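Below: the structure, in structure tokens.
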Amino acid sequence: QVQLVESGGGLVQAGGSLRLSCAASGTIFGRNTMAWYRQAPGKQRELVASIGVWGFTNYAASVKGRFMISRGNAGDTLYPQMNSLKPEDTAVYYCNTLTTQVPWGQGTQVTVSS
């Protein structure tokens, strides 16, 4: 069964940047539209960004222009580059396919201080 492992989270000041990464135990990245999600305390998990097999990207309005989703050169890693971070970006970040067909990983905590 495919397992997802997210990493790279941490504490950053508002206006700062972070780069998360997601690795999978199986070869799912090349066959699926992949996405990053986040869940803030007391809120539902939400879609943040997605990238199709051919590289087409899509972003939530709240992060558009600040986040950039990409795949690693070998196609086995997923990244978001997160710039101009805001306190409202504080959440646990997860990766998955766009159809969330893989069991969720543990996520990685991002905390943005004001």
Practice item. Give the Rg (one decimal place) followed by the Dmax (whole number) of the chain, computed from C-alpha coordinates and expressed in Å. Key: 13.0, 40
Practice item. Rank Ile51, Ile69, Ile28 by mean-square fluctuation in a GNM of the chain with C-alpha springs under 10 angstrom and give only the top-ranked residue. Key: Ile28
Revision key, fill the gap. Candidates Phe56, Phe67, Phe29; GNM for the chain (alpha-carbon contacts under 10 Å) flags as most fluctuating Phe56
Review point. For the chain, modelled as a GNM with alpha-carbon contacts under 10 angstrom, which of Gly42, Gly16, Gly75 fluctuates the most?
Key: Gly42
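Relative contact order for the chain using alpha-carbon pairs under 8 Å, separation at least 6, rounded to a whole percent? Display every interim value, and only then the final one.
Numbers: 274 pairs, mean separation 42.8, N = 114.
In percent, rounded to a whole number, it is 38.
A short reminder: the numbers here are calculations on the coordinates, not readings from a lab. Quantities reported herein were computed from a predicted structural model and do not represent experimental measurements.
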